[in-house]
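To keep things clear, I will list the structure first and then write my remarks on it.
The values are calculated or read from the model by the stated rules, or taken from the named source; none is laboratory data. What you see is a predicted model; the values in this text were computed from it and never measured. Quick reminder, even Gly has a Cβ in these numbers, built from the backbone with ideal geometry, and neighbours come from all protein chains shown.
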Amino acid sequence: MSLEPETLKSLVRAAAEQVIASTAELTALDQAIGDGDHGANMKRGFEAVLGKLDAIGAQPPAEALKTIGKTLVMTVGGASGPLYGSFFIAAGDALSHSRQLPDDLVEVFACGVGAISARGRSQQGEKTMLDVLFPVLETLKTEAGKPDLIARVRATASEAVARTAPMQATKGRASFLGERSVGHVDPGARSSCVLLHAVCNTLEARQ
Amino acid sequence: MNDTVGIVIVSHSKDIAKGTADMVRQMVGSEVTVAFCGGNPDGGLGTNVPLIIEAINKAWSPKGVAILVDLGGAETNSEMAVEMLQPERRHLVVVCNAPIVEGAVMAATEAAGGSSLEQVRAVAEELSSA
């Protein structure tokens, strides 16, 4: 089994549309602990991705992921561009090296998360998108093959976002706030959750 | 010309980037090539990879290019821009861990004397450890 172009296209469309629909929410979260541009930046990046949807759908999955990544890098205009961009470029690289979706999902996802961690020089527990992505990677590993994997991924992402609220930021713009960052959900964690939920919902609807 | 390390200034604000470049030119002179950029792809506050790549190429010198940045995203986007350069240029560009205005002036002063990229970076970064 491999990832069909139509499936990939519908996943990308859903993820982009959900991020764009969340612009106001992401902006509000980022105004609380950042510089308030996360919503607009993600919207700009994913609108550019949507604009290339047909081209992306025509590419093999490895190239499609790299196109998404490069598009985000070139258009987002904030740190989240290189961070999310690195995820997709590294995931695409992993697919170029004989890995396949969905069979090697764990390895491919791990490459993407590792690339974000390296790019941001950040680990789990620093109130960033990694506080959603690492727990989801763990769920993908431990729950692989189970019939309710999608539901578990969705729940993991939601719970992980909520857990960023009491954390104190030590990376990113929010770290300037120190203790004042406590009590707010991290905008990057939230946008990761939005993307993951869009993927989960789309895959579920196609089952 | 071009036998000195080039300087690139990357700020979230084009005005800050330009102002910093103006200060460098006035204080150090024109023997060092200084390029600058600022703003997101829509022209608002932010930084943007294509413009950073353009600035690096504008300031290019065989001795290398030192980049000075302001806040978080400027650093992340600059590192991304370096990785997207032609492979033979990547190892000749560094992002300095230094305050943007003071770092740019110090780096350019050092570069004007014909110093290597590592020396230029070290002088700029001394400001952070002081």
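Things worth noting here:
- Test: residue in region A:82-94 that is out of contact with any His (no Cβ under 9 Å at 6 or more places or on another chain), within 14 Å of chain B (Cβ to nearest Cβ) and over 20 Å from A:F46 (Cα atoms): yes
- Candidates A:L137, A:L130, filtered to the one that is farther than 21 Å from A:D30 by Cβ and surrounded by 15 or more Cβ atoms within 10 Å (Cβ to Cβ): A:L137
- Scanning region A:84-104 for residues that are out of contact with any helix residue (DSSP H, G or I) (no Cβ under 6 Å at 6 or more places or on another chain), farther than 21 Å from A:T71 by Cβ and not polar (S, T, N, Q) turns up A:H97, A:P102, A:D103, A:D104.
A quick yes/no check of all residues on (1) over 19 Å from the mean Cα position of the chain (by Cα); (2) surrounded by 21 or more Cβ atoms within 10 Å (Cβ to Cβ); (3) of a type in the set (A, V, I, L, M, F, W, C):
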position	(1), (2), (3)
A:L149	no, no, yes
A:R152	no, no, no
A:A155	no, no, yes
A:V161	no, yes, yes
A:Q168	yes, no, no
A:L177	yes, no, yes
A:V182	yes, no, yes
A:L196	no, yes, yes
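- Each residue in region A:26-67 was checked for being surrounded by fewer than 17 Cβ atoms within 10 Å (Cβ to Cβ), closer than 17 Å to A:Y84 by Cβ and of a type in the set (D, E), and 1 pass.
- Listed by position, the helices (runs of 4 or more DSSP H) contained in region B:1-89 that have at least 3 residues being out of contact with any Gly (no Cβ under 6 Å at 6 or more places or on another chain) and within 14 Å of another protein chain (Cβ to nearest Cβ) are B:49-58, B:72-83.
- Filter pass, A:V106 being within 14 Å of another protein chain (Cβ to nearest Cβ), aliphatic (A, V, I, L, M) and under 17 Å from the mean Cα position of the chain (by Cα): no
- Within region B:94-109, being farther than 23 Å from B:G44 by Cβ and either free of Cβ contacts under 8 Å to residues at least 60 places away in the same chain or within 14 Å of another protein chain (Cβ to nearest Cβ) (or both) holds for B:V94, B:C96, B:N97, B:A98, B:P99, B:E102, B:G103, B:M106.
- Looking across region B:90-124, the residues that are out of contact with any helix residue (DSSP H, G or I) (no Cβ under 7 Å at 6 or more places or on another chain), assigned to a helix (DSSP H, G or I) and farther than 20 Å from B:A21 by Cβ come down to B:E118, B:A122.
- Residue satisfying condition, being farther than 15 Å from B:K63 by Cβ and modelled with pLDDT of 95 or more, within set B:V105, B:V93: B:V105
- Exactly one residue among A:C200, A:C111 is at pLDDT 95 or above and either in a loop (DSSP other than H, G, I, E, B) or under 19 Å from A:Q18 (Cα atoms) (or both), and that residue is A:C200.
- Scan of region B:26-46 for residues that are surrounded by fewer than 21 Cβ atoms within 10 Å (Cβ to Cβ) and modelled with pLDDT of 95 or more, ordered by number: B:T33
- Against the numbered list (1) closer than 25 Å to A:A79 by Cα; (2) surrounded by fewer than 19 Cβ atoms within 10 Å (Cβ to Cβ), A:G188 comes up short only at (2).
- Failed item, numbered, when A:T170 is tested on (1) more than 21 Å from A:A32 (Cβ to Cβ); (2) of a type in the set (V, I, T); (3) out of contact with any Ser or Thr (no Cβ under 8 Å at 6 or more places or on another chain): (1)
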